[in-house]
Amino acid sequence: MNKAQKQARMVQIAERLEARYPEALCALEWDGEPWKLLVMGRLSAQCTDARVNLVCRELFAKFPTAKALGEGELAQIEEIVRPCGLFRVKAQNIKDACRMLTEDYGGVLPDRMEELLKFPGVGRKVANLLLGDVYHTGGTVADTHCIRICGRFGMYPETLKDPVRVEKIMDEFLPPKTRSDFCHRIVQFGRDVCAARAPKCAECELCDLCEHRLKAK
């Protein structure tokens, strides 16, 4: 496919995903508080969203504000986030990030990529998640679901696993205001239908737009 064909296919894919998942909900339960999404985004690395949600109910009950978490005892934070894996690094990161948010930004999450990347443990994926959900800007959130599924759709070779390259490729096909919702929908679609090991191709309403499926015939 050339670029124009890929663009046309992506428009159809986005429309069908919107029909399937009209609400495009974020899997992380951040309750509309940006600082919570900052924390949860960091904890989600190599951890399921369901576990992060569960852990953060206790974490946010113990530390109900960014200031409280930034001033919290590191050992207590470590013990709570232990189930998320890499708990020592993550605990230090979220404590430092909350202190930075409170002291350097007055508690207001910055709305620019270059500022968000200054926060401990925040890379482009989390920064795009924050920009998309909080400010409705930013680039494609190139998580494992997005990388796998958009490769299957034929937007780039399935062997490509570089999140930054995937982000830049997909940004060309997705208008800025739609990227956040698309990424939330593709995560849900990946869990419900297009799993990594056993995709449910026979019951997929997008199989006629899937390069992986078309090549398999």
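Where a number appears in this text, it was derived from the coordinates with a stated rule and is not lab data. Predicted model only: the values in this text are computed from it and were never measured. Note: ideal-geometry Cβ built from the backbone for every residue, glycine included; neighbour counts use all protein chains shown.
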- request: Starting with the fewest neighbours, write out Val126, Val52 ranked by other beta-carbon atoms found within 10 Å of each beta-carbon.
  value: Val126, Val52
Sequence of His184, His212 once ranked by neighbouring C-beta atoms within 10 Å, starting from the fewest: His212, His184
field: Pairwise label distance in nanometres, Ala19 with Gln76, each label 7 Å out on the Cα-Cβ vector
entry: 5.2
- line: When His145, His136 are ranked with the fewest other C-beta atoms within 10 Å first, the list becomes His136, His145
query: Taking the Cα centre of region 34-135 as the origin, how large is its charge dipole in debye, to the nearest 20, when only Lys and Arg (+1) and Asp and Glu (-1) carry charge on their Cβ atoms?
result: 280
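Please compare each pair in Lys118/Lys177; Lys36/Lys200; Lys62/Lys90; Lys6/Lys168; Lys161/Lys215 to a cut-off of 22 Å on the Cα-Cα distance and tell me which ones are over it.
Lys118/Lys177; Lys36/Lys200
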task: With a bin width of 5 angstrom, please list the P(r) values of region 11-167 as percents of all Cα-Cα pairs, from the 0 bin to the one holding the largest distance.
output: 1, 9, 17, 21, 20, 14, 9, 6, 3, 0
- line: Placing +1 on each Lys and Arg Cβ and -1 on each Asp and Glu Cβ in the chain, then taking the dipole about the Cα centre, the residue among Met113, Leu74, Ala45 whose Cα reaches farthest towards the positive end is Ala45
- request: Anything in the chain that counts as a DSSP H helix reaching 15 Å or more along its axis (C-alpha) with Kyte-Doolittle mean of at least 0.0? List them, would you?
  value: 49-62
statement: The rounded separation in angstrom of the Cα centers of region 165-207 and region 63-93 is 32
Computed magnitude of the charge dipole of the chain (debye, nearest 20; Cβ of K, R +1, Cβ of D, E -1): 840
- line: The percentage of Cα-Cα pairs in region 103-145 separated by more than 12 Å is 57
query: Which of Ile149, Cys84, Gly138 sits closest to the plus end of the dipole of region 64-156, meaning its Cα is farthest towards the positive end, when Lys and Arg get +1 and Asp and Glu get -1 on the C-beta?
result: Ile149
